[in-house]
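What follows is calculated from the coordinates using simple rules that are stated; it is not laboratory data. This structure is a prediction, so every number in the text was calculated from the model and none was measured. Every residue, glycine as well, gets a Cβ built from its backbone with ideal geometry; the counts of neighbours run over all protein chains shown.
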Amino acid sequence: MLKDDTLANVLYVDLSKKQFWVEKRPNLFDKYIGGVGVGIQLLHEECPNGCDALGAQNPIILAVGPLNGLFPVASKTITLFKSPHSGNLGESHAGGRSAIAIRLAGYGAIVIRGASEIPLYLTIDNNQVHFRDASALWGMRSVITAGRVIRGKETAAGFRTIMRIGRAGEKLIPYAGVATETYRHFGRLGLGAVFGSKKLKALVISGKGSLPVSDPKSYQKIYDEIYQAAVNTSAMKKYHDLGTPENVLPLNKIGALPTRNLKDAQFEGASQISGETFAEHYLGRRLACAHCPVACIHLAALREPYGDEDFFYKTSMIAYDYEPLYAMGPMLGISDARGLLKLLEKVDEVALDAMSTGVILAWATEAQEQGLISEKETSGINLSWGDYTSYLKAIPLIVEQPNDFYQALARGVVHAASIYGGMDFALAFGKNEMPGYHTGPAAHIGAFIATRHHHCDNAGYSVDQKVLVKEKLTPRELAETLLKEERWRQILTSLAICFFARDIYKPDLVSRALQIAGFDIAPEDLHRLGEEIHSEKYRFKFREGFSLDDYHLPKRIFETPSAVGVLDEKYVRQTIEQVKQILAGRK
Ligand code: SF4
């Protein structure tokens, strides 16, 4: 039995009819815990087969778990939808204050149906839901300004999150994200475009409730165990100190840092854009998601002259994480740290996914280099490696799409390459642009077989570094290793734990923490549940047309030597075949 029965509350909002209601779904949460486990069931219920991802029938599901608000680093909200980018499962996670706000507002999940005819933003204030006219916010240049305006108008007390889209979401770009609390994002797979298709500019959720704890002594003990592990051991130290940009130099050293559209895997300018360099010269502030003592969010302070007056300056605070930094930095040959920060600021301003944008611009640069496109297509811009000013001009054109070429870029790298050529160097897996790891075969296989084509799904990059360097796994062994990791991560995302705490939230601790929240699930049962949730996600993918038979692997990954040497295409395809067989055996 759930100790806090508000977790079982699912809030339904219909944007077409401007109605809302709450349904109690205790069985759903009892069986699937919360987060992605509950969310994928709701997606199966709500999303009709083959529906238009940018149509009113595509739902938005937000789900949290029983540990959000109770334990440290349980700080994520999971969103599910049909992705306009991949055409199948859309799943995106973000922290900020979102998860705690949803829990304290008294919900375990929120389902948003339908579409509005006019721009609106939705406020959810405990049991009150309001549909507010957002016409004045629609078309606003920056998501930061839109957030400020909403903050000024909505003065609700309590824990509050403001999720909002930028111009990219309004223009239905299928890799547009949703910004939350300015520096966090539901970045990948196009949640922003789904918001835009519903004319939903923003979602404001305020929670004033509290969570019951029936066994304070045991709760305190487990809380302290997690807190101490998070702040006083090495488990999460790197995330606080340099943050994920710590990866730049080690990946570059082993030859795994994708550079200039993966024409190279080592970048001569790596030291100029490393975590160390940013920390020394630009770090202005660290932030944390709500209920996280780690504070991994690193903000650079970029001070620049402002206006024509002498001694006038403005300082912009810009978040820098490894993945956006790789995509807008080495991938575009950019070693100018200030220029790189300006690019990160530019994509954040319109809420585009930085990873997809960087990979798409890298493809466009190589396409122009090879003569597949010219300045006629680029509207006079000479896209060139290392020239951040050319990319600063191109990003707004991707958003506004003034011609066929930018319309193609706005639909993703696979789509653009299908029109202009260059599919061999269109770096995407399952249509999702690649993450920043050329560590070996597991990174790329992992991105392809992952349910959301995300490097965090099964951490193939880590398998490469831990295992393959020393001893090559058989295709079967690698397939099993990746799937095992991904199944376990379904439990972490059902709890809505931050993946950075994965070395703390091991099965035994998860089982004990869940007991505090009223769940009695043994560690071995967690593994079984993880497998079931993973199968349910694949069921959705297959239903919507994803195939492990007919797929595109960009030739480039086999041309540029990785950290473990040149990749063997036969081995990669054999491993994918093994994944297919394992999944087929589970049906
Ligand atoms: S480690 Fe970072 S991303 Fe994870 S919850 Fe803490 S602040 Fe948020």
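Observations
- Each label point was placed 7 Å from the Cα along the Cα-to-Cβ direction; for His527 and Asp5 their separation is 3.6 nm.
- Helix-only arithmetic for the chain: the sum of -39500 (n - 2.57) across DSSP H runs with n ≥ 4, divided by the residue total, places the mean residue ellipticity at 222 nm at -12000 deg cm²/dmol.
- Computed 3J(HN,Hα) for region 491-508, one whole-Hz value per residue from the Karplus formula 6.51 cos²θ - 1.76 cosθ + 1.60 where θ = phi - 60°, is 6, 4, 7, 6, 7, 6, 8, 5, 4, 5, 9, 5, 7, 9, 7, 7, x, 5, glycine and proline marked x.
- For the peptides 302-311, 524-533, 347-356, the ranking by mean Cβ contacts within 10 Å, running from highest to lowest, is 347-356, 524-533, 302-311.
- From the C-alpha gyration tensor of region 314-401, square roots of 5λ in Å: 21, 13, 11
- Estimated D of region 378-494 in µm² per second, where Rh is the Kirkwood radius over Cα pairs and Stokes-Einstein applies at 4 °C, 1.567 mPa s: 79 µm²/s
- Cα centroid of region 388-433 to Cα centroid of region 11-63, whole Å: 32 Å
- Computed from label points 7 Å out along Cα-Cβ, the spacing between Asp404 and Asp52 is 2.4 nm.
- Note: relative contact order over region 437-586, using C-alpha pairs below 8 Å and six or more positions apart, is 31 percent.
- ³J(HN,Hα) computed for each position of region 515-528 - Karplus, 6.51 cos²θ - 1.76 cosθ + 1.60, integer Hz, glycine/proline x: 4, 4, 8, x, 9, 10, 10, 6, x, 5, 6, 4, 4, 5
- Gained length - Gln19 relative to Asn127, 0.36 nm times residue gap less alpha-carbon distance: 37.6 nm
- Length-normalised contact order of the chain in % [C-alpha pairs under 8 Å, at least 6 apart]: 16 percent
- Compactness relative to 2.2 N^0.38 Å, alpha carbon Rg of region 9-96: 1.13
- Working note: Karplus 6.51/-1.76/1.60 with θ = phi - 60° gives region 128-134 the couplings 9, 10, 10, 9, 9, 5, 10 Hz, where Gly and Pro are set to x.
- Here the peptides 379-385, 357-363 are ranked by packing, the mean other Cβ count within 10 Å, and the order with the highest first is 357-363, 379-385.
- Extension gain for Ala136 to Arg148 (0.36 nm times residue separation, less C-alpha to C-alpha distance): 3.0 nm.
- For the pair Lys238 and Lys570, label points projected 7 Å from Cα toward Cβ lie 3.5 nm apart.
- Rg to Rh, two decimals, where region 437-586 supplies the alpha carbon set and Rh follows Kirkwood: 1.00
- Between Ile118 and Phe499, the contour length at 0.36 nm per residue exceeds the alpha carbon distance by 133.4 nm.
- Residues listed by number, region 515-530, amide nitrogen under 16 Å from Ser218 label point at 7 Å toward C-beta: 515-523
- Once Rg and the Kirkwood radius are both taken over the C-alpha atoms of the chain, their ratio Rg/Rh works out to 0.94.
- If the convex hull is drawn through the Cα atoms of region 366-425, its volume per residue in Å³: 75 Å³
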